[in-house]
Structure formats: structure tokens, C-alpha cells
1. For chain B, list the helices (runs of 4 or more DSSP H) that sit wholly inside it and hold at least 3 residues that are not charged (D, E, K, R); which are they?
2. So, B:TYR3, is that one aromatic (Phe, Trp, Tyr), in contact (Cβ under 8 Å) with a residue 24 or more places away in the chain and more than 10 Å from chain A (Cβ to nearest Cβ) or not?
3. Name the one entry in A:GLY103, A:GLY97 that is touching a Leu at 6+ places or on another chain (Cβ under 7 Å) and crowded, with 23+ Cβ neighbours inside 10 Å.
4. Looking at (1) among the polar types (S, T, N, Q); (2) without any contact (Cβ under 8 Å) to a residue 40 or more places away in the chain; (3) closer than 21 Å to B:PHE18 by Cβ, find the lone condition where A:THR108 falls short.
5. What pairs come out if I take residues in the range B:16-35 that are at positive phi and within 7 Å of chain A (Cβ to nearest Cβ) and pair them with residues that are small (Gly, Ala, Ser) and surrounded by fewer than 19 Cβ atoms within 10 Å (Cβ to Cβ) whose C-beta lies under 8 Å away, six or more apart or interchain?
Amino acid sequence: MASTISAGTTAGTAIAIAGDTTGNLAFTTQAGTYTQTLPNATGTVMVSGNMPTFRARPSSSTQSISNNTWTKVTFGTEDWDTNNNFASSTFTPTVAGYYLINGSAYLTNGSGNITQARCNIYKNGSTEVYGQFSQFNATGSNNTDNIATISGLVYCNGSTDYIELYAYIGGSSVSPQIAGSTNYTMFSGILIRAA
Amino acid sequence: MLYEKIKTIYPDLSDKDFEQYILLQNDSDGKGDYIKFWNHPTLKQPTQEELDAV
């Protein structure tokens, strides 16, 4: 049996909130022409305006790293962090759910050649999503700069799970670095579906 | 650098070995590079003494 809470008195403009035996909650106009239904879901149903999101960038111009070594990218500047879940270059969401995570790293190696430029999304200290694997020509020194990018969906439990971005430069060791003075190196994420 | 030390001990290791069997990692926590895992089918993981001697 449906129950209805109505507001307003003019047909066609008043808003009604109705719940029926399915447990769904429907928002309708008084005339019933348009209906928006929230699912009968366990847990919290979040609207898009409340989805936690963050974006960060390096605060220093360069981060020196070792070649052929997966290294955590450090981010000292937050563009935004709506739920205060980003600290020490680590995203630890406090809302359980499925997060879209994006990362990019501008990888340079001085005058040395780069044979691989990669970045991975790490969850709880290990690779969760592998980035593009590109094997470059190792001869000469014409491939000294690359931007590695990654995007993936990651589930986080809202308490202990944490997300980081790691980067990798393969090739001869000259001066491998992650360049941070531009917008090329970034880390961002947003909750797209609560658990 | 840890990578160079390992290459000095095992010169025949290739980039593919470091892709498939050996993972070096740095957590940017000031503790430096370390061996995350070593699953090489024939070569043993070098000891800290062997690495320090390079």
C-alpha cells in the first residue's frame, strides 16, 4: 500500500514523496508525469553532490627516483579534497564504495633513454590496476621524456583500504625524475557508487 | 642505487627479469629502495652483505 506526502496545492507543480510496498521511494509531480525513483538498496544511497572526490599535484618541481624501481609519486598540493581523505600522497576514503581513480606521471631521464614509462594504481601497498606497458626502442637518446597515464575502478572498504600512485622508469640511469612543475603529473579520484 | 648493485652482482639480468621475477620498490618514506619480491627461477636473492659489498 502506497503512502504519499504532498507539499503544495496546485496540481502539476506540487511535489509528492511516495513509498510503496517495493521499498522504492519515488519523487513525482502531483500530476505524476515525471517520476524519479531511488532504488530499494541496502546501505546509504548518495546523490552526486555528496560523492567524495580529490585531486592533487606535486608541490615540488621534480622528484628524483631510481630507474627500474617502482616508486610512490609524492603529491604535496591538493586542488580539492572534499571529504578530507587525502594525506601524505595517499587516498584513504572513509566512504565504502567503488572509486574511479586516475593518475599521470611525467617521467624524464635526463639525456638517458627510457625503455619503459609506466604508472600503476596501488591498493594497500600492492598493484591493484596495471597501467599501459610500452616497450620503447632503447637505442640512442631520443626518448627521454614520457607521460604515463592510468585509470581504473577500485573498491575501497571505507576504513582501512588506501590508494597510492606508483611510477616506473625503465632504462639506463642518468637522472630519472618525476617532473611536477606542470599539470602532467596528477592524481585524482571520485566515488562513483557507494557500497 | 639498488638496481645497479644487483646488476653488478648479476650482470646477465635483463629488464624483462625485473618485469617478471624481481620487483624493486621505493615507498617515498625515506627508507630508500628495497626488494619487494624476488621470484627468479635460477638466481638467489642477494643478501644484504652482498649488496653492501658492492
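1. By residue number, B:2-9, B:48-53.
2. Numbers: aromatic (Phe, Trp, Tyr): yes; in contact (Cβ under 8 Å) with a residue 24 or more places away in the chain: yes; more than 10 Å from chain A (Cβ to nearest Cβ): no.
Judged against the criteria, B:TYR3 is not a match.
3. That would be A:GLY103, the only listed residue that is touching a Leu at 6+ places or on another chain (Cβ under 7 Å) and crowded, with 23+ Cβ neighbours inside 10 Å.
4. Unmet for A:THR108, out of (1) among the polar types (S, T, N, Q); (2) without any contact (Cβ under 8 Å) to a residue 40 or more places away in the chain; (3) closer than 21 Å to B:PHE18 by Cβ: (2).
5. From residues that are at positive phi and within 7 Å of chain A (Cβ to nearest Cβ), the pairs are B:SER28/A:SER89.
Rule-based calculations on the coordinates, nothing more; no lab input. Everything numeric here is computed off the predicted structure, so don't read it as measured data. FYI the Cβ positions are ideal-geometry reconstructions off the backbone, even for glycines, and counts take in every protein chain you see.
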